[in-house]
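Here's the structure, in structure tokens; my notes come after.
No lab work stands behind these numbers, since they all come straight from the coordinates. Quantities reported herein were computed from a predicted structural model and do not represent experimental measurements. Here the Cβ is made from the backbone with ideal geometry for all residues, glycine too, and neighbour counts use every protein chain on show.
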Amino acid sequence: MTERTELVEHGQLFIGGEFTDPLGTEVIEVISPHTEQVIGRVPHASEGDVDRAVAAARRAFDEGPWPRMGLDERIAVITRIKDAFAVRHEEFARLISAQNGTPYSSSVMVQALAAMMVWDSAITVARDFPYEERRDGVLGPLLVRREPVGVVAAVVPWNVPQFTAAAKLAPALLAGCTAVLKVSPETPLDAYVLAEIAEEAGLPPGVLSILPADREVSEYLVGHRDVDKVSFTGSVAAGRRVMEVASRNLTRVTLELGGKSAAIILPDADLETAVAGIVPFAWMINGQACVAQTRILAPNSRYDEMAEAFAAAAGALRVGDPLDPTTELGPLVARRQQQRSLDYIKLGQEEGAKILTGGNRPAAQERGWYVEPTLFGSVDNSMRIAREEIFGPVICLIPYEDEAEAVRIADDSPYGLSGSVWTADTERGIDVARRVRTGTYSVNTFSLDMLGPFGGYKNSGLGREFGPEGYGEFFEHKMIHLPAGYREA
């Protein structure tokens, strides 16, 4: 028996560290992608609520204790947040699965424990970060400081809401910044658990606000004159708009955007290992992941063999209720996403690609926003299904002649976020990894390590998250000139 999520309702917003009544009356209804029924209601934050949240963050940064605390004091608070994720990870996983359709079987790790790992890794990075250093300058000694950037607007999507929130909030808060988190209207319910955790952890007043709202309110937040930094995860189109709006105030931006990543299978690869390693990360989060391996590059010499193996693996994925622990592929987050995938499937056929498996709504699902796990063969990299981010369970199997062509195809994309290579020769795989122009790459595995920099080339974004590179995005750099001959006492 699948555990169902009861109707969850919240009547207040989390502004400045406390739950308070919203200024408006508009409500967000959360729809289950499995049942198409309402499973939650929360207030829709207004522009006035944004003003309140930003004002609280501004006061907390300019006048409050948080930026002036010692690092160890901030780490103690963030550690309590991290520990609470461990305690409540199943609650997070159930809520997120119910809202966006992620199979619970992977949601525990991908949606909940991975977020906890982000908070934990940020603590590790913060402890070793060079906040201040002395250099010998041309004209005399220098003191170089890294100081918190200020008020951060963190805007996160619906596909991995807590993971992306942690990627922004953990480094921002540890740096001494204050933050306003804008969450997606598709997945606001888990944000209330985060708010409860933050309140219980002892964040000072004003340090964190959490606002569920639509794109219009997001734009108002991004363009707010009292915001010093915007950290955004979402589509390329939305990222361009964020950059445009933020530029009016010369607000600093970090953009983590889309991908159309290629998994290159070299001729010497063990096929069983490659299939087992690629399939979960091609169809991860039901294909709704920016890092998904959505282009699989197979050598002509083994193309038919690989097509058969990948089609069989994809066709065997168990489709159904995301809260059923045996489900491997759930529904898409919204009807619009379902239709988008179906439209691309039709387009792929019109372009001349061949469906190897899937291609329809699952017959067994009478309701819900489902699309079968779909694999296209005979795909040319110039086809739109190979170039555009579908954000659904639609994968392309693309043939190549030799290694040079495989690298060329992998790079022939407006994106450059992720990728992988599969080979019996690890050194050969590392050489391929060095040649492909993408921000994150894996050899004979697929991984996203929170102690290294994550981000993309080209249209996949600006800046980095995770590791010291991502932590550094939340600091300003100050140079202090010291008198010639000065030596620290």
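Highest-first packing order for the peptide set 77-85, 257-265, 342-350, 476-484 is 257-265, 77-85, 342-350, 476-484, based on the mean count of other beta carbon atoms within 10 Å.
Take the Cβ atoms of L143 and R225, set R0 to 30 Å, and the FRET efficiency comes out at 0.45.
A straight chain from L451 to R408 at 0.36 nm per residue would run longer than the Cα-Cα distance by 12.6 nm.
Once the C-beta distance of R59 and S247 is scaled by a Förster radius of 35 Å, the resulting FRET efficiency is 0.85 to the nearest 0.05. Protection proxy ranking for 143-155, 182-194, using the average of other Cβ atoms within 10 Å per residue and placing the highest first: 182-194, 143-155. Taking label points 7 Å from Cα along the Cα-to-Cβ direction, Y486 and D380 give a separation of 6.5 nm. Under a 5 Å amide H cut-off, with hydrogens placed 1.01 Å from N, G416 pairs with K260, Y457, N459, S460 among residues at least 5 apart or on other chains. With 27 Å as the limit on Cα-Cα distance, the pairs of K168/K346; K458/K478; K82/K478; K168/K260; K82/K260; K82/K458 that go past it are K168/K346; K458/K478; K82/K478; K82/K260; K82/K458.
Potential lengthening of the chain between D431 and E133 amounts to 103.7 nm, from the contour at 0.36 nm per residue minus the alpha-carbon distance.
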